[in-house]
Amino acid sequence: MANSEYLLSSPPHVKSKELTGSAMRDVAIALLPVIAVAIYFFRLYAIVNLVAGVAAAIVCEWVMRKVMGREPSIGDFSAIVTGLFVAILLPPSVPFWYVMIGTVIAVALVKELMGGLGTNVFNPALFGFVSLLIISQLFALGNMTLNLGSLNGVTSATPLTFIKAGALNGIRPGYWWLFLAHAGGAIAEVSVLAVLLGAAYLIYKGHVTWHIPAAIIGTVFILTAILGENPLYMTLAGGLMFGAFFMATDWVTSPDNRMAQIIYGVLIGVLIVVIRLYAAPTGAVAYSILIGNACTPLLNRLFVRKRFGAVKTVPVETD
Amino acid sequence: MELKTFRGGIHPPYRKEATAKKATVEISLPAEVVIPMQQNVGAPNTPTVNVGDRVEAGQQIGSSEAFISAPVHSSVSGTVKAIEERRNFTGAMVQCVVITVDPNQPAKWTEKKDVGDLSPEQIRDIAKEAGLVGLGGAAFPTFVKLSPPKDKPIDIVVINACECEPFLTCDHRLMLERADDLLAGLKLMMKAVGAGKGVIGIEANKMDAADMLSSKLAGDSAVEVVVLEVKYPEGAEKMLIDAITGRRVPPGKLPSEVGVLVQNVQTAVALYEAAATGKPVIERVITVTGPAMKDPKNVLVRIGTPIEHVVEQSGGMTGDVVKVIIGGPMTGWAQKDLSAAVVKGTSGILALTKEVVDANAEQQCVGCDKCIDACPMFLVPNFIVRYARRGQWDLADKYGARDCFECGCCSYVCPARIPHVGYVRKAKAEIAAAQKK
C-alpha cells in the first residue's frame, strides 16, 4: 500500500453535488406547471408539439455533435430544455413541423455552430422562435395541420392584440383570467400563475435570482404607466412573465454581474414597451431579449463589481 | 439571534463528528524524522548542523538572516543521518535534515515559569527563537506579525478559532484541552502589539468550546468570545476581520492596515508554551480523518514525522482510499504517496473514498454566476478563468486574479466542474512575471 499512487488534483477536493445537467433538469421541472396547463387546454395539440420539439432537439444535437466531432451531450439536458422552450413559445395551433424547424435552427445554428452550450451569444429557443416569425412571413409555409380534434380557444388571438387595436375595454379578458388561465396566443402566455410557480422553483433552487425578472417587469410596469397605458394589463398579458423568468435569465446569454443584470433587465423592459406600443406586439418580448443578449458582453465589461475592501474601510480607532 | 459573518461563501458538509469528541493522543516516534529547511512563508533556512552530528530535541538546526523567516529545530534527540533534497507535501523538492531518532528521549520543558512580566520585546524574541509560524496552515512567521509598522497601531488581536475547513477538529480539541494556555497566549500577543482588546472568533458548531472559554473569561472585559455563523471560509483572515469588526482590509494590504492582528488557536498555545517553558515548535496536533481512515482521531506528532508513520500509528487506512490530502479538503494538497513529512503548517491528513471525491470532468462554463455569488473577495472567478485560458493576463488581473486567496468556493459550487484555483495560480504567476519585466 505504501507505494500506491493516489489521485492528484488542485483543490478543492470536495464539490457540491450540482452539475450543469442537474440544473438544466431543474429548468425542465420548472416548466411542468406550464406544460400541465397547456395539456389541460390543448390536449393532443400541445403534446404533439412538445414531443416534436424535444425529439427534434435531441436528434439535431446528436447529429450536429457527431458531425463536428464532439462528444454527445444529452446528459446536460440542454437539448431537451431547448425543445420544450420552442414548443412553449409557439401557439399550440401551429403544425408540429413548425416546432421542429424552429428547434433545428435553435440547436444547430444558434447553439452547436456557435461552439456548443456555454459559448452561444443568443438564447437558442428565442432565436428559433423569431426565425419562425420571419420565415412564416417570407414564405407561404402552408397550413398542413394534423386533425387532432377540436381545439378550444386556440383561434382566439393573443390578448396583446387588444392593446394594438385600441380596444382595451369590453372584449379583452379580465386580469384574473389573464393571471389564472387564458387560452389564447402561445403556450407560454396561457397562465401567469403556472409561469410564476415554475419561477418560484428556480429561485428556490438558486438557479435564478430576482435581479433580471424584477428589472424587466418593473421597467415595463413603470414605463407603461408613464406613457398612459394600462400597466397591469401590459405585465400580465403576452409572454412577458415567461420571458422575464425563463428566457432573459438564461445563464449563458445574460450578464454575469448583478449590476449588469439590472441594466440588462431595464434595457429589455424599455425595448418591450417601445416595440409593443409602436411596432408589433407579436414577438416583442423575444426581440427585446435577443437585443439584450447582444449587449451582454459589453455590459459584462462595463459593470465589474467592486472588490472586497475597495468599497469601504473603517478607520482605525486609536485610544 | 443573527450570527455575525461575511458576504459570500459556501456551506459544505462539515464531517467533523468523527473526531470532534475524541481526546487528542500522542503517537510513538518514527525511526527517523525529515525536517524541511523551509516550512514558512518567506526565506528558507540554511542547515547549521552537519551529517553525523548529535542533535538534541529543541536544538536549532536551520536559520536564516532574512527578516521574514523562522528558524527550524530538531524535533527529536538523535543523529543527523543526511542533509538532502526530499519531496515535501506540495510536491516540491526542498532541502531537508534527516535525523535518526534516538530510542531514549530526555524529558524536557516540564517546568512552567511565570510569563506575566515579559516585555513586548521579549515576547517577540521568544516567538522568533521558537520558530513560531501561523500553525493554522498559512505558516507566516509569527514574530513578523507581532512587529507591526509604527504608523499602523493594532487595537484588536483576533484568535482565529473558526476551523471552517470541513473534517478538521485539531483547533477545536486544543481549545477544549488547553483553554488556559490559549488565553495566556492571547494575552501575550495583545501585550506584544499593545492591543487593548482580544477577540476569540469561533464558529457556532463549537459551542462547547465557546461556552468553556466564555466562562473562563467571566469578569475579563478585555477579551471577548464572538460566536460566528458556520460558513466557509469564515476563518479566512480578511473574512474573519470583516465578520467581527466590520473593517475590510483593502486589496493587497495586510490586516495591520485596519488595526487588527489575527492568529490561529494553535499558534497562541504554542507561543505561551514557548514563553513559559522555552519549548520551540517541534510538535503539533493534527487531525487524521476521512471516510477511508480506520480510526479517525487527533494526534500530537513531532515535526518531520513522515505521514506514512502518522497514518499507521493512527490505525491505518481502508482499502477503498483513492485520495490522500494534507490539510483541509478545500485548500489542502493532494498526495501522490505517503512519503511527505509533517511540517509546522500541517493541520490534517485526510483519506478520501470514491464517494467523497468528485470525478466529473471539466465542462464549458455556462455563466450560472454561482462562483460570483460564492466569492468572498467579490471577484469574478469565471472571467478570471476565461481570460487565463486565453492567456490574457491583464484581463485576468482586471477581474481580480491577484486578490484571490484560493479558498476554492468557486470551484466547489461550479456545476461545470471548472478548477478555478488552478487557473488563478497560473494567472498569478504570469502577472507577477509580467511585472518584473
Query - Percentage relative contact order, segment B:370-436, counting C-alpha pairs under 8 Å, at least six apart - result: 36 percent
Query raised in the report: Given segment A:49-91 reduced to its alpha-carbon atoms as identical point scatterers, what log10 I(q)/I(0) does the Debye formula return at q = 0.20, 0.21 Å⁻¹?
Result: -0.56, -0.60
Query raised in the report: Does segment B:117-277 classify as rounded, prolate or oblate by the C-alpha gyration tensor (a ≥ b ≥ c root eigenvalues; a/c under 1.5 gives rounded; else a/b over b/c gives prolate, otherwise oblate)?
Result: rounded
Query raised in the report: If you project the alpha carbons of segment A:167-287 onto the principal axes, what extent comes out on each, in Å, largest first?
Result: 43, 28, 20
Report summary line: Ranked on Cβ counts within 10 Å of their own Cβ, fewest leading, A:Lys66, B:Lys150, B:Lys426 go B:Lys150, A:Lys66, B:Lys426
Query raised in the report: Can you sort B:Tyr272, A:Tyr278, A:Tyr175 by how many other beta carbons sit within 10 Å, fewest first?
Result: A:Tyr278, A:Tyr175, B:Tyr272
Requested in this report: Would you work out the relative contact order for segment B:117-277, in percent, from Cα pairs under 8 angstrom that are 6 or more residues apart?
Outcome: 35 percent
Report summary line: When all Cα-Cα pair distances of segment A:20-302 are considered, the percent exceeding 26 Å is 39 percent
**Report entry** Residue order, fewest to most beta carbons within 10 Å, for B:Asp155, B:Asp394, B:Asp369
**Finding:** B:Asp394, B:Asp155, B:Asp369
Query raised in the report: For segment B:187-244 and segment B:282-301, what is the separation of their C-alpha centers, rounded to whole Å?
Result: 25 Å
Query raised in the report: Of the cross-linked pairs B:Lys81/B:Lys323; A:Lys15/A:Lys205; A:Lys306/B:Lys152; B:Lys4/B:Lys231; A:Lys17/B:Lys370, which ones have a Cα-Cα span greater than 21 Å in the structure shown?
Result: B:Lys81/B:Lys323; A:Lys306/B:Lys152
Query - Cleavage-rule hits, chymotrypsin sites (Phe, Trp or Tyr not before Pro), segment B:57-144, DSSP coil, Cβ neighbours within 10 Å at most 14 - result: B:Phe67
Query raised in the report: Once a ≥ b ≥ c are taken as the square roots of the eigenvalues of the Cα gyration tensor of segment A:20-72, is the result rounded (a/c under 1.5), prolate (a/b larger than b/c) or oblate (a/b not larger than b/c)?
Result: oblate
Report task. Output ³J(HN,Hα) for segment A:117-131: one whole-Hz value per residue in order, computed from phi by the Karplus curve 6.51 cos²θ - 1.76 cosθ + 1.60 with θ = phi - 60°, and x for Gly and Pro. Result -> 3, x, 10, 6, 7, 9, 4, x, 5, 5, 4, x, 4, 5, 4
Query raised in the report: Where in chain B are the helices, taken as whole DSSP H runs, whose Cα atoms extend 15 angstrom or more along the long axis and whose Kyte-Doolittle mean reaches at least 0.0?
Result: B:179-193, B:265-277
Query raised in the report: segment B:65-138 to segment B:368-387: how many Å between their Cα centroids?
Result: 39 Å
Requested in this report: Using a/c under 1.5 as the rounded threshold, could you call segment B:149-244 rounded, prolate or oblate? The axes a ≥ b ≥ c are square roots of the C-alpha gyration tensor eigenvalues, and prolate needs a/b larger than b/c, oblate otherwise.
Outcome: oblate
Query raised in the report: What does the convex hull of the Cα atoms of segment B:39-176 come to per residue, in Å³, rounded to a whole number?
Result: 175 Å³
Report summary line: Expressed in µm² per second, the diffusion coefficient of chain B from the Stokes-Einstein equation, with Rh the Kirkwood radius over alpha carbon pairs, at 20 °C and 1.002 mPa s, is 96 µm²/s
Report task. With runs of 4+ DSSP H residues as the only contributors, calculate the mean residue ellipticity of the protein assembly as shown at 222 nm using -39,500 (n - 2.57) per run, divided by the residue total and rounded to the nearest 500. Result -> -11500 deg cm²/dmol
Query raised in the report: When only C-alpha pairs under 8 Å and at least 6 residues apart count, what is the relative contact order of chain B, in percent?
Result: 19 percent
Query raised in the report: Within the protein assembly as shown, what percent of beta bridges assigned by DSSP are antiparallel, to the nearest 5?
Result: 60 percent
Report summary line: Partner lysines whose C-alpha sits under 20 Å from that of B:Lys113, ignoring same-chain residues fewer than 8 away, are B:Lys128, B:Lys187, B:Lys191, B:Lys279
Query raised in the report: DSSP loop trypsin sites (Lys or Arg not before Pro) in segment A:251-316 with at most 14 other Cβ atoms within 10 Å of their Cβ, which ones?
Result: A:Lys306, A:Lys312
Query raised in the report: Measuring from the lowest to the highest alpha carbon on each principal axis, how far does the protein assembly as shown reach, largest first, in angstroms?
Result: 98, 59, 53
**Report entry** Cleavage-rule hits, trypsin sites (Lys or Arg not before Pro), segment B:24-123, DSSP coil, Cβ neighbours within 10 Å at most 10
**Finding:** B:Lys113
**Report entry** Proximal aspartates and glutamates to B:Lys428, defined as alpha-carbon separation beneath 19 angstrom and excluding residues fewer than eight positions away on the same chain
**Finding:** B:Asp394, B:Asp397, B:Asp403, B:Glu406
Query raised in the report: Which far-off residues, 5 or more places away or on another chain, put their amide H under 5 Å from the one on A:Ala248, with H placed in the peptide plane?
Result: none
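We did not get these values from a lab; they are worked out from the coordinates using the rules stated. Nothing here was measured: the structure is a model prediction, and the numbers come from that model. FYI the Cβ positions are ideal-geometry reconstructions off the backbone, even for glycines, and counts take in every protein chain you see.
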